[in-house]
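A.B. asks: Below is a structure I'd like to ask you about.
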Ligand SMILES: [Zn+2]
């Protein structure tokens, strides 16, 4: 009896865990008539093709529509794989200034923030992001696990999610800061000190549903005369190594917020899997990242978006950081580091389309095709879902979006996604 029950719940888990259940796609046959197709395997467009979908899967790429299929006319569109944003915060509504952030943690309950997060999840999907990696809840506990569950159970619309739950940082390093010592305030992270506590926190977060472990590796940025962005590292090397070792031992990966010199270096040395932001990365660390396959998630747009506000608040370094970031980005491209698309959406208001990041990446030196690949095939590799997602080809899950026109000649068209399909179910159509 127990075995049967366990078996049944395993099947139910498998059916829901991968977000197939959003709307009953059934075995409906759909043919997308695409004016152009960027399949994500190469960088060139294929003209006038039909992408045939059966149920939740891509059946074939064909020259004609098969009989009995519902044809959706995208003949003036470019079709491409569903976009992936590998750095979001659905539990956050923008935090240009410290006051914006404090307000959310002090005056909004986690329950209210979760309601807002469900709206943000739907927004992400409607912008064309069929998968996201949400990199910590900023004080809202394990609410990301529940939003993911509600999406997978078909309760609310949203992208496929990988979640990081609470993130880790040391005492005195993360907001909320600056309150009187006798006032108890919430923090946007789980505070841990010492390798053993860090290991315990990793175990705790994984037991509550974390797919990724997120660490904050540095803080307090200062632009040096020689153009290097300096920082104060948060964790000791022993602490960071313990976190990475524990996460990897439990087959989970580690994302490190590392903006500058020491944070990046310590993270790379400790063996993290992704470097988040990386405004400054030394050449030797770029070399190590390239050879070990460590991903760089640069989040350019958010830096531009918050710079003026933070400068006005007394931190002009955020303006200087943009130039430093561009130089690092170019060096990373040259060094052959894997660059994955990530926006930090939630760090800016979700009503702003995170796809603005594509234009930022092109401005910093990528071609439009490279920028789109960073949000499809490369992002799928980062999320380790490249066997089922990330390209448009037979046998893969039908996560497909389309934009009107040719994004390879105007990448800002990526902000105009007006067709979205997730797992064979149409979410949005022109
Ligand atoms: Zn972030």
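Just so you know, all these numbers are worked out from the coordinates, no wet-lab data involved. Predicted model only: the values in this text are computed from it and were never measured. For neighbour counting, all protein chains shown are included, and Cβ atoms are generated from backbone atoms with ideal geometry for every residue, glycine included.
A.B. asks: Could you compute how fast region 173-311 diffuses translationally, taking Rh as the Kirkwood radius over C-alpha pairs and applying Stokes-Einstein at 20 °C with viscosity 1.002 mPa s? Give it in µm² per second.
C.D. replies: 135
A.B. asks: How do the peptides 345-354, 98-107 rank, highest first, by the average count of neighbouring beta carbon atoms within 10 Å per residue?
C.D. replies: 345-354, 98-107
A.B. asks: Let me make sure I get this right: for region 373-430, a, b and c are the square roots of the gyration tensor eigenvalues over alpha carbons, sorted descending. Under 1.5 in a/c it's rounded, otherwise prolate if a/b > b/c, else oblate. Which is it?
C.D. replies: oblate
A.B. asks: OK, next. What do you get when you divide the Cα radius of gyration of the chain by 2.2 N^0.38 Å, with N the number of residues?
C.D. replies: That works out to 0.97 for the chain.
A.B. asks: Now a separate question. Just to be sure I understand: with springs between alpha-carbon atoms less than 10 Å apart, which residue in 257, 89, 76 has the highest mean-square fluctuation in the Gaussian network model of the chain?
C.D. replies: 76
A.B. asks: Relative contact order for the chain: what is it in percent, counting Cα pairs under 8 Å that are at least 6 residues apart?
C.D. replies: Averaging sequence separation for qualifying contacts and normalising by length gives 20 percent for the chain.
A.B. asks: Tell me whether region 99-168 comes out rounded, prolate or oblate; compute the Cα gyration tensor, take square roots of the eigenvalues as a ≥ b ≥ c, and use a/c under 1.5 as the rounded threshold.
C.D. replies: prolate
A.B. asks: Return an integer: the convex hull volume of the alpha-carbon atoms of region 79-138, in Å³ per residue.
C.D. replies: 78
A.B. asks: Another question, if that's okay. Rounded, prolate or oblate: which fits region 35-150, taking a ≥ b ≥ c as square roots of the Cα gyration tensor eigenvalues, rounded meaning a/c under 1.5, else prolate when a/b beats b/c?
C.D. replies: prolate
A.B. asks: Would you mind computing the Rg to Rh ratio of region 322-420 from its alpha-carbon coordinates, Kirkwood style for Rh?
C.D. replies: With Rg and the Kirkwood Rh in hand, the quotient comes to 0.97.
A.B. asks: When the scattering of region 174-256 is computed by the Debye formula from its Cα atoms alone, each counted once and equally, what is log10 I(q)/I(0) at q = 0.25, 0.26 Å⁻¹?
C.D. replies: The calculated log intensity ratios at q = 0.25, 0.26 Å⁻¹ are -1.18, -1.23.
A.B. asks: Provide Rg and Dmax in Å for region 212-265, with only Cα atoms included in the calculation.
C.D. replies: Just the Cα atoms of region 212-265 yield Rg and Dmax of 12.6, 43 Å.
A.B. asks: Return one number: the angle in degrees, 0 to 90 and rounded to the nearest 10, between the long axis of the Cα atoms of helix 195-207 and the longest principal axis of the Cα atoms of the chain.
C.D. replies: Tilt relative to the chain: about 30 degrees.
A.B. asks: Turning to a different aspect of this structure: As a test, work out the antiparallel percent of DSSP beta bridges whose residues both lie in the chain, rounded to the nearest 5.
C.D. replies: Bridges in the chain that DSSP calls antiparallel: roughly 45 percent.
A.B. asks: With a 10 Å radius around each residue's Cβ, average the other Cβ atoms per peptide and rank 121-133, 144-156, highest first.
C.D. replies: Descending packing order for the listed peptides: 121-133, 144-156.
A.B. asks: When DSSP assigns beta bridges and you keep just the ones with both residues in region 49-144, what percent turn out antiparallel, to the nearest 5?
C.D. replies: Taking every DSSP beta bridge within region 49-144, about 55 percent pair in antiparallel fashion.
A.B. asks: Turning to a different aspect of this structure: So what's the convex hull volume per residue for the Cα atoms of region 32-94, in Å³?
C.D. replies: 148
A.B. asks: Quick one: helix 300-312 against the long Cα principal axis of the chain, what's the angle to the nearest 10°, folded into 0 to 90?
C.D. replies: With rounding to tens, the tilt is 40 degrees.
A.B. asks: With only alpha-carbon atoms counted, please give the Rg and Dmax of region 108-233, in Å.
C.D. replies: Radius of gyration, then largest Cα-Cα span, for region 108-233: 16.8, 53 Å.
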